[in-house]
1. Note down the nm distance, to one decimal, between modelled labels 7 Å out along Cα→Cβ at L28 and at S66.
2. Per-residue counts of other Cβ atoms within 10 Å, averaged by peptide: what ranking do you get for 8-16, 62-70, highest first?
3. Report the charge-dipole magnitude of region 6-84 in Debye, nearest 20, computed about the Cα centre from +1 at each Lys and Arg Cβ and -1 at each Asp and Glu Cβ.
4. Treat each spin label as a single point 7 Å out from the Cα along the C-beta direction, and report the T9 to I21 distance in nm.
5. Output the relative contact order of region 6-84, whole-number percent, from Cα pairs under 8 angstrom with separation of 6+ residues.
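Derivation of every value follows stated rules applied to the coordinates shown; laboratory data play no part. If you're wondering where the values come from, they're calculated on a predicted model, not measured in any experiment. With ideal geometry, Cβ positions are generated from the backbone for all residues, glycine too; neighbour counts draw on all protein chains shown.
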Amino acid sequence: MGRREPSRTSVRAAAISATEIIVQRAALDLDIAPEEFDALAPNIMHSPSGERLPYLEISDALPNGSGFCRHLVGDSTIPVSSLIGSILDEEGAPGREPTSSTPTT
């Protein structure tokens, strides 16, 4: 067994955290319990240019699936790309200025 490289360990930890954040946000938007999803262990995929990228996966928790993950792909009402955008652009997030149409005096 080889030595652990700190850079790879930190990327794996970040991928696990990102998966959990996506699960939490998806559960909030779908109005379900986060336990309805299983956050799977992240993997590595190779881009066409050969770059190693983390690959995040989630699945329905129930063996036959409840279909919640289907709502997060493609042309659904809540695609996963919109979830990620909403996480990054959340009003009131640290470093974000609140946007308000109400004038301040």
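1. About 1.9 nm separates the two model spin labels.
2. Output ranking for 8-16, 62-70: 8-16, 62-70.
3. My answer is approximately 400 debye.
4. 2.2
5. Computed over region 6-84, the figure is 26 percent.
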